[in-house]
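Only one structure is covered here, and it is reproduced in the block below.
The values are calculated or read from the model by the stated rules, or taken from the named source; none is laboratory data. Everything quoted here is computed from the prediction, not taken from an experiment. No Cβ is skipped: glycine too gets one built from the backbone with ideal geometry, and neighbour counts run over all protein chains shown. Note: accessible area is taken over every heavy atom of the protein model, side chains too, but ligands, DNA and RNA are not part of it. Shrake-Rupley method; radii C 1.70, N 1.55, O 1.52, S 1.80 Å.
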Amino acid sequence: MNVPFVDLKAQYETIRFEVAAAIQRVMEATAFAGGAFVAQFEREFADFCGTGHAVGVGSGTAALWHALQAFDIGKGDEVITVPNTFIATAEAISLTGAEPVFVDVDPKSLLMTADNIEGAVTPKTKAIIPVHLFGRMVDMDPIMAVARRHHLYVIEDACQAHGASSRGRRAGSIGDAGCFSFYPGKNLGAYGEGGAVVVNSNEVAGRIRMLRDHGQSEKYYHTAIGWNDRMDGIQAAVLSVKLKYLERWNALRRKHARIYSSLLSTVEAVRVPPEGAEEEQVFHVYALRASSRDELLQYLSSRGIGCAIHYPVPIHLQKAYEFLSLRAGTLPVAEQSAKELISLPMFAELRGDQIRAVVRGVRDFCSRPKERDGTMRLPSVANARP
Ligand SMILES: *Cc1c(COP(=O)(O)O)cnc(C)c1O
């Protein structure tokens, strides 16, 4: 049976008429760039996140860049983040002129830890960007405590965590700003590109609203050099439709993840993602760790099961960041996880027979005749801490 990694069509089928009507309304109003539909979605999304404001922009990458800009971060500054994330987190830092400083992650959760930040703070450090990887929230209180002690801004990269919460607080609402992507494959995805910054500060929200629209304070009066990063009306209207279903979709992802984990936790050659205690994860990605990851990926692909690797190369080892001269071995936990992680199909509309086919695939792979080279070893526990 073929199981796609994600199935955007399956979701579209469930909302097609509502989406068509919403797009029609935007056309009738010719509210294409910014405008009333964007303002409406911004209000709804801010309410959803529990923040004072949401500012719609062109992408998640743009959201991160705007948040950094709004806090005046640029040349000569350092921003601490993690290497096991999508490259956009680091790109946004670099594009402001600041330098990303990578810290290793917790061996179990693979998320940023306050301990590792403490050692990376220098007089140049201005901000921290924790990443809620795969829809699991970073333990924010210790991070906020370190940040307050050193007077650093905290910008949450919540691009994979729409609707995740920890002790009743939503992803994006805990730091000084939270950044979201509405790339189609995200938990809340537009039908094109989009992103948002959520903030409580009126001043910061106002600054980002100005910067995304050419630094205009009123039409053709420019108080700063900005950029064109407005959200499209059509995307906002689609997002307003989809936001109503987000919690239901996230609950389904959690349910699928529980089934995967319960059926795969006894399989020796793979490790299921650790559960978080006081948090509601939203499983943007459901990733196993496997010592023979590449063979498993090939095996599942040959059976028509769509898998992915998030991410094969940690950012500090990417060619684009060669100039930082960070050699392999500098951030061992992230590096080891990049060799072991494999993401299984995950989307709200995943059916029971599809989940069973994926589980059967993983189990069959693991019960193949043992190979002499020892590829059936338990995945190595990432235990190295800097
Ligand atoms: C998707 C993503 C981004 C970038 O979002 P775009 O909308 O694609 O620009 C940034 N950070 C993380 C962690 C992401 O997953």
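Odds and ends about this structure:
- Rg ratio for region 109-178: its Cα radius of gyration over 2.2 N^0.38 Å, N being its residue count, equals 1.03.
- Distance cut-off 40 Å, percentage of C-alpha pairs in the chain lying past it: 15 percent
- Sequence-distant lysines (8 or more away, or on other chains) whose Cα lies within less than 24 Å of residue 124: 75
- Reachable aspartates and glutamates from residue 244, criterion Cα separation under 20 angstrom, eight or more residues apart if same chain: 7, 13, 18, 42, 44, 47, 193, 232, 280, 349
- Loop-located GluC sites (Glu not before Pro) in region 273-314 whose Cβ has at most 15 other Cβ within 10 Å (DSSP): 275, 278
- Value of relative contact order over region 308-352, rounded to a whole percent, pairs C-alpha under 8 Å and six or more apart: 49 percent
- The chain, accessible surface, carbon-and-sulfur percent (1.4 angstrom probe): 53 percent
- Rolling a 1.4 angstrom probe over the protein heavy atoms with all chains in place gives the chain an accessible area of 44 Å² per residue.
- Taking amide H as placed 1.01 Å from N in the peptide plane, residue 165 has its amide H under 5 Å from the amide H of 171, 280, each at least 5 places away in sequence or on another chain.
- Its relative contact order, with pairs defined as Cα atoms under 8 Å and 6+ residues apart, puts region 97-218 at 16 percent.
- Estimated distance in nm for a label pair at residue 320 and residue 13, the labels positioned 7 Å out from Cα along Cα-to-Cβ: 3.6 nm
- Relative contact order [Cα under 8 Å, 6+ residues apart], the chain, whole percent: 22 percent
- In this structure, the amide hydrogen of residue 125, modeled 1.01 Å from its nitrogen in the peptide plane, lies closer than 5 angstrom to those of 78, counting only residues at least 5 positions away or on a different chain.
- Between the listed residues 324, 288, 228, the Cα displaced farthest toward the positive end of the dipole of the chain, a dipole computed from Cβ unit charges relative to the Cα centre, is found at 288.
- Hits among lysines - C-alpha to C-alpha of residue 255 under 18 Å, sequence gap 8 or more where chains match: 186
- Normalised size of region 262-361, defined as Cα radius of gyration per 2.2 N^0.38 Å with N residues, equals 1.22.
- Among the trypsin sites (Lys or Arg not before Pro) in region 110-155, those located in a DSSP loop and surrounded by at most 13 other Cβ atoms within 10 Å of their own Cβ are 124.
- Across region 1-126 the C-alpha pair distances fall into 10 Å bins from zero in the proportions 11, 25, 30, 22, 12, 1 percent.
- Under-5 Å amide H pairs with residue 308, H placed in peptide plane, nonlocal only: 343
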